[in-house]
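Just below is one structure, and these are the notes that go with it.
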Amino acid sequence: MAKVRVHQLAKELGISNNELIALLRELGEEVKSHSSTIDEETAEAIRELVQERKGHLPRPQVVSLPRRPVSPVELAERLQLDVGVIMRQLLLSGIAVSPNQLLELEVVVNLLKQLGYEFQFERDGEKPPSEEGETTSEEKTTSEEEETTLKKPFFFSVSRPPVVTVMGHVDHGKTTLLDAIRHTNIAEQEYGQITQHIGAYEVEWKGRTIVFIDTPGHEAFTTLRARGAMVTDIVVLVVAADDGVMPQTIEAINHARAAGVPIIVAINKIDRPDANPDRVKVQLSELGLVPEEWGGDTLCVPISALKRQGIDDLLEMILLVADLMELKANPKATAWGYILESRKDPKVGPVATVIVKEGTLRKGDWVVAGMTYGRIRVMRSWKGNEVREAPPSKPVVVWGLEELPEAGDKLEVVPDERTAREIAERRAEEKRQRQLQPVRRITLEDFFTQMQAGQVKELNLIIKGDVQGSVDAITYALSRLEHPEVRINIIHQGVGDISENDIMLAAASNAVILGFNVRIDPSGRRTLQREPVDVRLYRIIYELIDDVKKAIVGLLEPIQREEILGVAKVMATFKTRIGTVAGCFVQRGRLVLNAPCRVIRNGQVVATTRIISLRHYTEDRTEIPEGMECGVGLEDFSEFEVGDLLEAFQIVEVQRSISEIREKAAPVPIGVSQ
């Protein structure tokens with residue numbers, strides 16, 4: 001009987017490997033991983049089960065929204081949900097509000113999408129559905145029409161094409177590789193055969209689609225990431241077999257690592273007589289990219305873009321990595337994507353290149369992109385053909401926006417022009433308000449206040465030096481610093497002046513740049529005016545190391561220590577207008593008004609509260625020193641007994657010390673006794 005692998009069946013059914021494994025275990029089939037095989041009879045049973053569950057999916061409900069902010073309480077009533085569900089979803093989205101606090105319309109719409117609801121705006125004077133009788137047939141028709149774009153059930157998530165960015169050193173063959181893949185001749189049309197702008201292209205191979213983004217270097221990749229647009233799924237790093245790893249190759253590796261994107265290495269120009277792929281693999285291994293055939297996890301594919309050798313193997317590896325990543329999207333959700341580039345056409349006005357991340361973008365949709373909006377009048381594919389729909393991962397050029405959006409802006413479909421205009425105007429006002437306030441990036445001084453709370457904190461650093469020896473010495477010294485609560489992460493190091501690429505990488509990665517005996521080049525200074533990251537220049541290595549140590553100490557949570565202020569013994573109790581108070585004798589230290597206080601009876605703490613009243617005879621006091629008698633009133637406690645001890649204390653914060661930072665012992669050379 002024929003056998004079927006789990007991952008092949010999962011791809012056929014449009015579900016993840018883990019979901020399929022769970023279904024198999026429901027049927028009593030024990031499988032270990034996505035590479036396991038099952039017989040055809042079991043596979044057929046799974047197909048029937050998935051089809052049955054797809055047929056019984058609940059229809060998403062339609063909720064009417066007013067054109068005004070609403071509170072979580074009101075939204076819960078309209079959705080007929082418990083308000084706790086709304087509050088929990090808001091917290092998961094990073095929004096902390098009270099149940100009666102008003103939510104902006106954009107927040108409410110995004111919340112409904114997350115909960116899987118459709119929505120439509122109420123007409124003026126219209127009551128919410130909960131207050132009306134039966135829905136009219138006209139309203140039913142309207143909701144059915146909107147259903148095609150606004151519903152978002154789980155099983156509609158389907159596999160989407162991977163989005164691949166090609167990066168590498170200049171003149172190592174990035175555009176020639178894309179030219180070989182696309183069977184077009186883009187490279188000869190480019191000035192000097194070096195790509196002059198971002199292009200997005202689709203490639204059909206063995207019935208599947210791969211989307212390639214051709215950037216003018218990794219600076220465009222990082223610029224998009226700095227604006228929050230995580231477009232790329234996989235990075236193909238092109239390295240020439242004759243040149244080997246070059247400075248821009250190292251920069252590209254560090255940029256891809258900082259983005260957390262898997263890397264496939266394409267070793268190009270293997271047809272050259274001086275090509276040495278093994279030397280390239282050794283260099284890559286030194287940078288942490290150990291080839292798979294050497295026991296690592298980096299896929300290295302030898303190719304010749306000029307002679308079109310190894311291209312099929314590269315595409316096969318891209319699809320293999322994409323399958324393992326289980327890239328999915330919902331084509332029936334409300335569409336959104338990212339702006340890759342924009343330009344002004346003298347004939348048609350603003351033109352933008354968009355790559356769709358979720359949903360299906362359609363001609364005629366009203367969209368918002370950053371601070372501009374518009375209605376899509378025309379959509380064209382990368383070949384220039386007009387299209388009416390763009391599913392997930394498809395790059396298209398759109399016309400119809402009022403103004404030019406910025407690269408990295410999020411493009412979202414909205415119900416109508418009024419909503420689009422309101423959102424765009426509000427964003428423009430928010431940007432104007434932000435511009436009135438200084439932009440703050442991470443600095444060595446305020447790392448602690450800006451880093452998120454957590455058990456382990458990261459200090460991202462970029463190291464630039466005048467010579468490689470200096471860079472190695474600084475990197476070695478920093479690598480020896482260790483603390484259980486802080487991790488130093490050197491995301492990039494290099495020789496030469498601090499450039500625009502370094503500034504953009506620091507902005508995208510929230511990093512600090514440390515320069516030794518270097519300066520900031522003119523392009524970097526211009527970039528610093530837009531992206532004010534923290535750049536430190538040093539002439540003495542020890543000063544650099546000391547500043548990093550101080551930053552680590554600033555990253556640590558201050559130690560909170562309890563300090564006993566004084567102890568008093570209860571000698572008698574008295575009834576007063578504020579309740580029962582204790583007549584006490586201060587045995588040691590002092591009692592302080594409003595200080596935290598413990599009541600200790602027979603060696604056990606019976607209450608922890610606060611001192612709200614201190615009197616010496618008839619005089620109110622803020623402090624009673626040792627050896628004096630006084631009357632003490634405590635907050636929410638009056639069950640005093642003679643002989644009780646009152647222990648006043650305070651919590652003090654102890655600043656962390658550089659002495660807490662340890663240095664790893666230097667390795668002992670072989671043959672040297674300890």
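The values are calculated or read from the model by the stated rules, or taken from the named source; none is laboratory data. The model shown is predicted, which means the values in this text are computed figures rather than measured ones. Here the Cβ positions follow ideal geometry from the backbone for every residue, glycine too, while neighbour counts run over all protein chains shown. Note: areas computed on protein heavy atoms with side chains; ligands, DNA, RNA excluded. Shrake-Rupley method; radii C 1.70, N 1.55, O 1.52, S 1.80 Å.
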Original post:
Is there any pair linking a residue in the range 92-117 that is over 19 Å from residue 67 (Cα atoms) to one that is in a loop (DSSP other than H, G, I, E, B) and open to solvent by 70 Å² or more (accessible area, probe 1.4 Å), with Cβ under 8 Å and at least six apart or on different chains, and which?
Top reply: 116/152
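Output the residue which, of all residues in the range 601-649 that are among the β-branched types (Val, Ile, Thr) and open to solvent by less than 40 Å² (accessible area, probe 1.4 Å), is farthest from residue 561 (Cα to Cα). Working first, answer last.
Applying the first criterion (among the β-branched types (Val, Ile, Thr)) to the range 601-649 yields 605-606, 608-609, 611-612, 618, 622, 624, 632, 642.
Right, trim to open to solvent by less than 40 Å² (accessible area, probe 1.4 Å) and you get 609, 611, 624, 632.
On the way: 609: 18, 611: 20, 624: 23, 632: 25 Å.
So, considering only residues that are among the β-branched types (Val, Ile, Thr) and open to solvent by less than 40 Å² (accessible area, probe 1.4 Å), the one farthest from residue 561 (Cα to Cα) is 632.
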Original post:
Among the numbered criteria (1) over 16 Å from residue 545 (Cα atoms); (2) of a type in the set (Val, Ile, Thr); (3) buried (at least 19 other Cβ atoms within 10 Å of the Cβ), which single criterion is violated by residue 495?
Top reply: (3)
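Out of the residues in the range 338-360 that are aliphatic (A, V, I, L, M) and within 24 Å of the chain's Cα centre (by Cα), state the one that is nearest to residue 409 (Cα to Cα). Please lay out each step first, then the result.
Pass one, the range 338-360, residues aliphatic (A, V, I, L, M): 339-340, 348, 351-352, 354-356.
Keeping just the survivors that are within 24 Å of the chain's Cα centre (by Cα) gives 339-340, 354-356.
Details: 339: 5, 340: 8, 354: 10, 355: 11, 356: 12 Å.
Step by step, filter the range 338-360, then rank; the result is 339.
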**OP:** Specify the residue that is nearest to residue 376 (Cα to Cα); the eligible residues are those in the range 304-333 that are open to solvent by less than 80 Å² (accessible area, probe 1.4 Å) and touching a helix residue (DSSP H, G or I) at 6+ places or on another chain (Cβ under 6 Å).
**Re:** 332
Original post:
Which of the residues belonging to the range 282-300 are open to solvent by less than 70 Å² (accessible area, probe 1.4 Å), touching a strand residue (DSSP E or B) at 6+ places or on another chain (Cβ under 8 Å) and either modelled with pLDDT under 85 or not in a helix (DSSP H, G or I) (or both)?
Top reply: 289, 290, 291, 298, 299, 300
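Listed here are the residues, each with its yes/no results for (1) under 18 Å from residue 210 (Cα atoms); (2) among the acidic types (Asp, Glu); (3) open to solvent by 10 Å² or more (accessible area, probe 1.4 Å); (4) in a loop (DSSP other than H, G, I, E, B).
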site: 355; (1), (2), (3), (4): yes, no, no, no
site: 393; (1), (2), (3), (4): yes, no, no, yes
site: 396; (1), (2), (3), (4): yes, no, no, no
site: 406; (1), (2), (3), (4): no, yes, yes, yes
site: 419; (1), (2), (3), (4): no, no, no, no
Original post:
Among the residues of the range 301-312, is there at least one that is in a helix (DSSP H, G or I), at pLDDT 85 or above and closer than 26 Å to residue 160 by Cα?
Top reply: yes
**OP:** Look through 89, 80, 120 and report the one residue that is at pLDDT 75 or above and open to solvent by 50 Å² or more (accessible area, probe 1.4 Å).
**Re:** 80
Original post:
Can you name the residue in the range 41-67 that is in a loop (DSSP other than H, G, I, E, B) and either at pLDDT 80 or above or hydrophobic (A, V, I, L, M, F, W, C) (or both) and, of all such residues, is least open to solvent (accessible area, probe 1.4 Å)?
Top reply: 66
Original post:
Using beta carbons and a limit of 7 Å, which pairs, at least six apart or on different chains, have the first residue in the range 469-498 and more than 19 Å from residue 519 (Cα to Cα) and the second one part of a strand (DSSP E or B) and open to solvent by 30 Å² or more (accessible area, probe 1.4 Å)?
Top reply: 478/488; 478/490; 480/663; 481/488; 481/663; 482/662; 487/458; 489/458
